[in-house]
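Single-structure report; data block below.
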Amino acid sequence: MHLIVAEKNISARRIAEILSDGKRVTENKDAGVSLYTFGDTASMGLRGHVVEIDFEPGYSNWRSETATPRSLIDAKTIKIPTEKKIVSLLQKMAKKADRVTIATDFDTEGELIGKEAFELVRTANAKVKIDRARFSAITAQELKAAFATTTELDFALAAAGEARQSIDLMWGASLTRFISLAARRGGQNILSVGRVQTPTLSMIVDREKEIEAFVPEKYWQLALDFEKKGEVIEARHTNGRFHEKAAAEQAKDRTKAPLVVTDVKFGTKQDRSPSPFDTTTYIVAAARLGLSAANAMRIAEDLYMNGFISYPRTDNTVYPPSLDLNGILMTLRTSPFKKDVDWVIANRRPEPTRGKKSSTDHPPIHPTGAATREQLGDDTFKVYELVLRRFLATLSPDAQWKTLKILFDANGEEYTTTGGQIIEPGWHAVYPFSEARETILPEFTTGEKLPIKKVTLDEKETQPPARYTQSKLIQRMEELGLGTKSTRHEVIAKLVSRKYVEGNPLHPTLVGRAVTETLEQHADTITKPVMTQTLESHMQLIKQSQRTREDVIKESRTMLHHVFDQLEANQQAIGDDIRDRTAEEMNLGKCPVCGGTLAIKHLRGNTQFIGCSRYPDCTFNIGLPMAQWGFAVRTDEVCEKHGLSFVRLIRKGARPWDIGCPLCHQINSNRESLEEIPSADKALVDRIQACHIYTVAELARSTPEVLTKKLGISPDRAATLIQEAGIGLAKLRRRSECRKFMRDRLIPRRGRSSAKILNALKDAGITDLAILAKAESATLKNAGVSDAEAEQLLTEARIVFNSQILKEIGIPAVSLKKYLAAGIIEPEAFCATSPAALSEKTGMSAGTVQRHVSLVCAYLNKPVPKKISKLQIERGKKELLAISGLGSAAVEKLFAAGIIDGEGLLAADPARVFLATGIPEEKIRNYQKILKRKRETAIIPL
Ligand SMILES: [Zn+2]
Ligand SMILES: [Zn+2]
């Protein structure tokens, strides 16, 4: 059997479809992984990398004393399967195969993925023949040629990929840990540092600094409008920019009609057809269609996998001689662009255009198949059209322009205007994505006099350099040798997702800037592109087998150790620096009470809130949900009313929770409960809020003196208000406690909203635990809780609620635990069970139990049971156990029924004891008989 291993499932299917040559292809699934079979051949897809490198076990604890960040530099790495189902199918098939062809993408990454597959196949089958098929497009022609002339896997190329992988892991992991620990950041808040990522971020930060440092200079531009044949035309002063206003004004004053034509210059201009697309120029062109770099690559890969365009990761801008341009044109004649294709065939330039970079791995990006809009959908079709038209443009003749430049004189001041007109559209005819703006001027003759309509003097300012757009940044990264054609767009996406940069064009966030500037100061190797460029050149050497992977990694290790020497020497300063610089990212704006600064504070144990910088002098604060609901951060939006930045709660894997303006949120979510205070009418609530009291809790904490002064109400009214607020607060606490109780226990489930259930319960009057503890399970079921859950909830509610009461009564927590374990949950149970039995069940001493029972009985207004000593219990228990046939289980039951010794047993009515204990009357009578006899025989010897 011949096994073909492709990079992805979709390419595996395409390969099977093409190579089967019309034979039936069967798709079988093994644990969800597809296998395409035809004749004696099977084709399966990987999911890119199916194994991942990681450090060997023992390095996962960030705070370990021994596995320090630096220790990661020399840590051994292992390969772990990340796609277990695919790996297992691959190995299962490898055992049966007599030939395996690796058909992954043809580049460094693809070769490495191929090598990973190679190793997995070898483990399963030591003898099978393994070869490699290389192709740049998934088309019949390319694939058949590739499979007819397979070669060996290029281990040198794969080794280059492996070296990059190891080095990226080592740099990224050790530096990320070091910086995060130094800045005391953990969890979602870590500061990531990376070999390519950090120098790229540094470029964005540098540009931002240039922009900030830029001092704009004023300049003036002089222009005039004149009229010719009813058309208004603008001419500019030939001086260009005037740097002094006075000079510009003088020139303006001197400008007088008539405007005399002094010269008419004709010319022509060649407008060269564009060169073929490589990855970078493609991304730049796609950006003009409104696509981000990552999106542009995703769509291009999709088109490649489906055989519509060639491999989109390429540095080549020269078509190789082997590329069948005529064949491609013929194929494209069946696309919706037949008219354009035919025009190109009729007007074709002798040689296609060529760019500056020629490499042998892949041809420039070009179309390989015909597709329709219906087939692809709008966005993908837009990209397909771009690639197709670019290909056509590279085969089209240059465009020709006619140019015209007119010089004028206005009372000694010289003006000019220029025009341009396409006379041969050339490639513009098939490539509308590049603007060709024509300015058509009427005819002028020297000496002609024209009227001036108006003269305008514009004051302007020099502009700072522009921020990087994603595509500009990719171009710059390429120039600096940062990253590869395959990774550049991913690096940018990473910077965005890690909140180091934002917006388009890109600008650094406060954190992005803090990390970069701190590193620049203490270990600038990480922020400079040199180190990364060195590695790229080493990778080239590995590819050419001039250096080994181990050797390059070793050198990189040494380099990283030097970086750590610097970092560790400055650890304290680095941490302090980053913390100082990022403190601002938590500032929200002015405190409404004192004018200090409000900032988000994160405390240990998930607590977060908004507090004032003038604490303790100013105690104004706004509560926030616990951090497990989302880590609070500031956003760019600012409240128009309060001037405070908006707050957002972010949580991995969850949609962010936008709180908006924290003060607006505070006001809105507490207004209703303030209005629930009986003596506070709407007008008073308005006044209360105007004094920056927003919650019932703040009101309850206030003093009558303060309120009297602030609100202008009588001391009596103030006292009532505070008292009512106290009652209201207790109610609110019980309400939120009940909500929290339910929320914690309602397991999130698809199609069920816990908020909805909570509201239904609220409508049913269940607003606190006391009510919930006594509720019927039917009420819960009506609100949408399942049967089993309702029972569980009610039991737990009873436990939680009664525990609170018992605690209030004065039962210590340790004892409470013992009572709960013994099933004594409700206070009533303390009075219904005899203290002796309680002592027996809980293992606590009789004295302790007696004390607790007295407390509970007093609380419930019930008579306190007679005191029993420990000795009495012990003696009674012994006496009862001495009765033959009466075991400890029965003793416990009797104790519970208040029968704690022989005396009690003899005095008891067997029928009643049966009701209380379940021990048959017959047995009890028997116990009584035995006991009586015992007593009698015991008396005789006296
Ligand atoms: Zn304040
Ligand atoms: Zn607001």
Condition first: in contact (Cβ under 8 Å) with a residue 40 or more places away in the chain, of a type in the set (S, T, N, Q), under 25 Å from residue 272 (Cα atoms) and in contact with an Asp or Glu (Cβ under 9 Å, 6 or more places away or on another chain). Can you find one or more residues in the range 330-348 that meet it? no
For residues in the range 914-930 being at pLDDT below 85 and part of a helix (DSSP H, G or I), which is surrounded by the most Cβ atoms within 10 Å (Cβ to Cβ)? 917
Is there a residue being under 19 Å from residue 190 (Cα atoms), out of contact with any helix residue (DSSP H, G or I) (no Cβ under 6 Å at 6 or more places or on another chain) and either within 16 Å of ligand 1 (Cβ to nearest atom) or touching a residue at least 24 places away in the same chain (Cβ under 8 Å) (or both) anywhere in the range 653-666? yes
Restricting attention to the range 610-620, the residues that are surrounded by 15 or more Cβ atoms within 10 Å (Cβ to Cβ) and either touching a helix residue (DSSP H, G or I) at 6+ places or on another chain (Cβ under 9 Å) or aromatic (Phe, Trp, Tyr) (or both) number exactly 2
Filter the range 529-544 for residues that are farther than 22 Å from residue 474 by Cα and assigned to a helix (DSSP H, G or I) and give the result. 541, 542, 543
Considering the range 686-701, residues that are more than 16 Å from ligand 1 (Cβ to nearest atom) and surrounded by 19 or more Cβ atoms within 10 Å (Cβ to Cβ), and then whichever is nearest to residue 627 (Cα to Cα), we arrive at 696
Among the candidates 532, 548, 516, 558, single out the residue that is in contact with a Leu (Cβ under 7 Å, 6 or more places away or on another chain) and modelled with pLDDT of 90 or more. 516
Failed item in (1) more than 23 Å from the chain's Cα centre (by Cα); (2) away from ligand 1 (no atom under 16 Å from the Cβ); (3) surrounded by fewer than 19 Cβ atoms within 10 Å (Cβ to Cβ), with residue 643 passing the rest: (2)
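Each row is one residue, and each column tells you yes or no for (1) away from ligand 2 (no atom under 16 Å from the Cβ); (2) over 42 Å from the mean Cα position of the chain (by Cα); (3) under 17 Å from residue 610 (Cβ atoms); (4) in a loop (DSSP other than H, G, I, E, B).
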{"site": "654", "(1), (2), (3), (4)": "yes, no, no, yes"}
{"site": "664", "(1), (2), (3), (4)": "no, no, yes, no"}
{"site": "668", "(1), (2), (3), (4)": "no, no, yes, no"}
{"site": "674", "(1), (2), (3), (4)": "yes, no, no, no"}
{"site": "683", "(1), (2), (3), (4)": "yes, yes, no, no"}
{"site": "698", "(1), (2), (3), (4)": "yes, no, yes, no"}
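A quick yes/no check of all residues on (1) at pLDDT 90 or above; (2) buried (at least 18 other Cβ atoms within 10 Å of the Cβ); (3) touching a helix residue (DSSP H, G or I) at 6+ places or on another chain (Cβ under 8 Å); (4) more than 23 Å from residue 167 (Cβ to Cβ):
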{"position": "13", "(1), (2), (3), (4)": "yes, yes, no, yes"}
{"position": "36", "(1), (2), (3), (4)": "yes, yes, yes, yes"}
{"position": "39", "(1), (2), (3), (4)": "yes, no, no, yes"}
{"position": "45", "(1), (2), (3), (4)": "yes, yes, yes, yes"}
{"position": "50", "(1), (2), (3), (4)": "yes, yes, yes, no"}
{"position": "63", "(1), (2), (3), (4)": "no, no, yes, yes"}
{"position": "69", "(1), (2), (3), (4)": "yes, yes, yes, no"}
{"position": "98", "(1), (2), (3), (4)": "yes, no, no, yes"}
{"position": "116", "(1), (2), (3), (4)": "yes, yes, no, no"}
Single residue of the range 467-493 satisfying the filter (in contact (Cβ under 8 Å) with a residue 12 or more places away in the chain and acidic (Asp, Glu)) that is surrounded by the fewest Cβ atoms within 10 Å (Cβ to Cβ): 490
Given (1) in contact (Cβ under 8 Å) with a residue 24 or more places away in the chain; (2) assigned to a helix (DSSP H, G or I); (3) of a type outside the set (S, T, N, Q); (4) within 27 Å of residue 887 (Cβ to Cβ), index of the condition residue 829 fails: (1)
Given the conditions (1) at pLDDT 90 or above; (2) within 16 Å of ligand 2 (Cβ to nearest atom), report the number of the one that residue 593 does not fulfil. (1)
Conditions (1) within 16 Å of ligand 2 (Cβ to nearest atom); (2) more than 30 Å from the chain's Cα centre (by Cα); (3) at pLDDT 90 or above; number of the one not met by residue 598: (2)
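The values are calculated or read from the model by the stated rules, or taken from the named source; none is laboratory data. Since the structure is predicted, the reported quantities are computational estimates derived from the model, not experimental observations. Ideal geometry is used to build each Cβ from the backbone, glycine not excepted, and the neighbour counts take in all protein chains shown.
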